[in-house]
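Below: one structure, written as structure tokens.
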Amino acid sequence: MHPPADSGRAARPAARVARFARAERLVHRATAGLLLTCLATALMLYYPPLSELVGRRRLVVVVHEWCGLLLPVPLLLGLVSRALRADLARLNRFTAADRRWLRAVRRRSHDRPAGKFNAGQKLYAAWIAGAVLVMLGTGLLMWFTHLAPLVWRTGATFVHDWLAVAVGVVVGGHVWMAVRDPEARRGMRTGLVDRRWAAREHPEWDLGDERAAQDGRDSR
């Protein structure tokens with residue numbers, strides 16, 4: 001018997017669909033770098049053994065302050081991208097499918113309807129955006145001491161410090177989820193994801209719409 005005509009051929013690569021444009025990936029990388037630097041320098045400032053090991057406290061403070069001040073800049077610059085603006089609109093829209101997704105998570109059901117972003121990703125994005133604004137505001141009060149009376153600065157310091165701890169925990173959870181999902185990481189790294197993964201994890205995402213095609217052109 002003759003072997004099948006296609007035996008010995010390399011398997012076709014899985015079909016891929018565009019998920020993130022280049023501008024979105026750059027914004028994500030720049031924001032992640034600034035945020036992680038803020039968290040790392042905060043740990044150097046508040047954890048005594050690490051403070052003694054690193055030294056140069058004034059330099060660490062300056063790096064922390066400027067990275068915090070620059071945190072919103074990548075997103076603001078990225079607003080020139082139509083793809084980013086479209087995805088921000090998606091993240092800002094909570095639908096009936098998102099409520100069903102949250103109920104499914106509570107019940108530990110695998111039937112979790114989601115569009116391009118699921119409810120967990122939307123909540124994470126909203127929480128981080130709000131936390132960054134609060135951290136920026138309280139940080140400015142701590143940096144420019146003449147802006148407010150002492151009681152305000154004391155309250156700002158308390159909020160800033162404990163919110164930093166919460167941000168560290170939430171970002172750690174985000175990183176952990178990314179580590180467990182290599183295809184999601186590939187999407188943020190290259191802009192493309194496996195079509196089967198997209199259909200499984202985001203079943204209500206319209207993979208054939210014109211926006212996805214435009215994102216694919218932008219990602220090249």
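When both residues are 6+ apart or on different chains and their Cβ atoms are under 7 Å apart, which pairs have a first residue that lies in the range 169-196 and is touching a residue at least 40 places away in the same chain (Cβ under 8 Å) and small (Gly, Ala, Ser), and a second that is surrounded by 13 or more Cβ atoms within 10 Å (Cβ to Cβ) and outside any helix (DSSP H, G or I)?
187/19; 187/20; 187/193; 191/18; 191/19; 191/20; 191/21
What are the pairs with Cβ atoms under 7 angstrom where one residue, in the range 112-137, is free of Cβ contacts under 8 Å to residues at least 60 places away in the same chain and the other, located anywhere, is surrounded by 18 or more Cβ atoms within 10 Å (Cβ to Cβ) and outside any helix (DSSP H, G or I)? Sequence gap at least six, or different chains.
Sorted first by the residue in the range 112-137, then by its partner, the pairs are 112/118.
Of all residues in the range 155-164, count the ones that are under 15 Å from residue 43 (Cβ atoms) and loosely packed, with under 12 Cβ neighbours inside 10 Å.
Residues that pass the stated criteria total 1.
Would you mind telling me which numbered condition in (1) within 20 Å of residue 24 (Cβ to Cβ); (2) open to solvent by 50 Å² or more (accessible area, probe 1.4 Å); (3) assigned to a helix (DSSP H, G or I); (4) modelled with pLDDT under 90 residue 152 fails?
With (1) within 20 Å of residue 24 (Cβ to Cβ); (2) open to solvent by 50 Å² or more (accessible area, probe 1.4 Å); (3) assigned to a helix (DSSP H, G or I); (4) modelled with pLDDT under 90 applied to residue 152, the lone miss is (1).
Run residue 57 past the list (1) within 23 Å of residue 207 (Cα to Cα); (2) modelled with pLDDT under 95; (3) not aliphatic (A, V, I, L, M) and report the number of the one that doesn't hold.
Looking at each condition in turn, residue 57 falls short on (1).
Residue 117 passes all but one of (1) part of a helix (DSSP H, G or I); (2) surrounded by 17 or more Cβ atoms within 10 Å (Cβ to Cβ); (3) not basic (Lys, Arg); which number fails?
(1)
If you check every pair at least six apart or on different chains, which have Cβ atoms under 6 Å apart with a residue in the range 92-107 that is within 16 Å of residue 203 (Cβ to Cβ) first and a residue that is open to solvent by 50 Å² or more (accessible area, probe 1.4 Å) second?
Once the first residue is within 16 Å of residue 203 (Cβ to Cβ) and sits in the range 92-107, its partners that are open to solvent by 50 Å² or more (accessible area, probe 1.4 Å) give 97/204; 101/112; 104/111; 104/112.
Please indicate, with yes or no, whether at least one residue in the range 54-64 is touching a Lys or Arg at 6+ places or on another chain (Cβ under 9 Å), open to solvent by 90 Å² or more (accessible area, probe 1.4 Å) and either on the phi > 0 side of the Ramachandran plot or in contact (Cβ under 8 Å) with a residue 12 or more places away in the chain (or both).
The answer is no; no qualifying residue exists.
Which residues, counting only those in the range 83-110, are in a loop (DSSP other than H, G, I, E, B), over 23 Å from residue 130 (Cβ atoms) and open to solvent by 60 Å² or more (accessible area, probe 1.4 Å)? If you could, list the steps in order and put the result at the bottom.
Narrowing the range 83-110 to residues in a loop (DSSP other than H, G, I, E, B): 92-95, 107-110.
From what's left, over 23 Å from residue 130 (Cβ atoms): 107-110.
Of everything in the range 83-110, those that are in a loop (DSSP other than H, G, I, E, B), over 23 Å from residue 130 (Cβ atoms) and open to solvent by 60 Å² or more (accessible area, probe 1.4 Å) turn out to be 107, 108, 110.
Find all pairs meeting these conditions: Cβ atoms under 9 angstrom apart; at least six residues apart or on different chains; first residue within the range 22-34 and open to solvent by less than 40 Å² (accessible area, probe 1.4 Å); second residue of a type in the set (S, T, N, Q).
Short answer, once both residue conditions are applied: 23/81; 24/81; 24/219; 25/190; 25/219; 27/81.
Does residue 79 satisfy the criteria of being in contact with a Leu (Cβ under 9 Å, 6 or more places away or on another chain), without any contact (Cβ under 8 Å) to a residue 12 or more places away in the chain and either open to solvent by 80 Å² or more (accessible area, probe 1.4 Å) or within 20 Å of residue 129 (Cβ to Cβ) (or both)?
On the way: in contact with a Leu (Cβ under 9 Å, 6 or more places away or on another chain): yes; without any contact (Cβ under 8 Å) to a residue 12 or more places away in the chain: yes; either open to solvent by 80 Å² or more (accessible area, probe 1.4 Å) or within 20 Å of residue 129 (Cβ to Cβ) (or both): yes.
Yes: the conditions hold for residue 79.
The values are calculated or read from the model by the stated rules, or taken from the named source; none is laboratory data. Quantities reported herein were computed from a predicted structural model and do not represent experimental measurements. Virtual Cβ from ideal backbone geometry, glycine too; neighbours counted across all protein chains shown. Quick note on the areas: whole protein, heavy atoms, side chains included, nothing else; ligands and nucleic acids left out. Shrake-Rupley method; radii C 1.70, N 1.55, O 1.52, S 1.80 Å.
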